[in-house]
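*Asks:* Input: one structure, supplied below.
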Amino acid sequence: MSDSAWVSISMPYLTPREKGQPDAWGAEAASRGGKGSQRIAFAGEVPAPDEVAALLGLHTGEPVVVRRRIIQLDGKPCELTDTYYPPSIARGTRLAEKGKIPGGAVTFLAELGHVGARVREDVTARMPGKDEREALQLGADEPVLRLSRVTLDGDDKPIQADLMVMPAHRQRLRYEIKIG
């Protein structure tokens, strides 16, 4: 795979996979001739930071389940993703464990009866913090894109919040919007 900008589309990451299908990232990377993988750095309960609490409709400091992952393309880090879940959904499940989830977390959520119906994403650009720069192997002058996403079910109840950081020079985000 070249180091040119990766065009990222959100929809495959929001749709449950069919039984036996690989997770969305692995499938997308393979379709472009690469190997997509992820390393789960942490999984478990933490106090909800301000932004996460707001996204999930909780109070700051309330417990949430988080999965902190380093997303890799051909063995190189390309994204840092922290995915948060309300404890009422994730406590005591695979989402709170470091193991890989066959088909991905969105598929597992659907198996639990939690299917996303609406998503809100916000994208900003900024300079990375020291830990982000080291984890993504960036130079001191290389900015990152930060994507914040909340997934809501059919009753507009938040079921998942994602905070993602990716090298700006290696990413292009694409949104396709159907009107009417």
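*Asks:* Working out 0.36 nm times the residue gap between Ile40 and Arg174, then minus their Cα-Cα distance, what length gain in nm do you get to one decimal?
*Replies:* 45.7 nm
*Asks:* Based on the Cβ-Cβ distance of Asp50 and Lys130, what FRET efficiency does E = 1/(1 + (r/R0)^6) give at R0 = 30 Å, to the nearest 0.05?
*Replies:* Calculated transfer efficiency: 0.90.
*Asks:* On to the next question. Which of Lys130/Lys157; Lys35/Lys100; Lys76/Lys100 have a Cα-Cα distance over 25 Å?
*Replies:* Lys130/Lys157
*Asks:* Shifting gears a bit: Show the residues, 5+ positions off or on another chain, whose built amide H is closer than 5 Å to the amide H of Arg69.
*Replies:* Ala41, Thr81, Asp82, Thr83
*Asks:* Test of understanding: what is the full-extension gain from Ala140 to Val119, defined as 0.36 nm times their sequence separation minus their Cα-Cα distance? Can you show the working numbers first?
*Replies:* Values: separation 21, 0.36 × 21 = 7.56 nm, distance 3.27 nm.
Result: 4.3 nm gained on full extension.
Read-outs: derived from the displayed coordinates by stated rules, not from any lab. Please read these numbers as outputs of a predicted model, since none were measured by experiment. We place every Cβ from the backbone using ideal geometry, glycine too, and count neighbours over all the protein chains shown.
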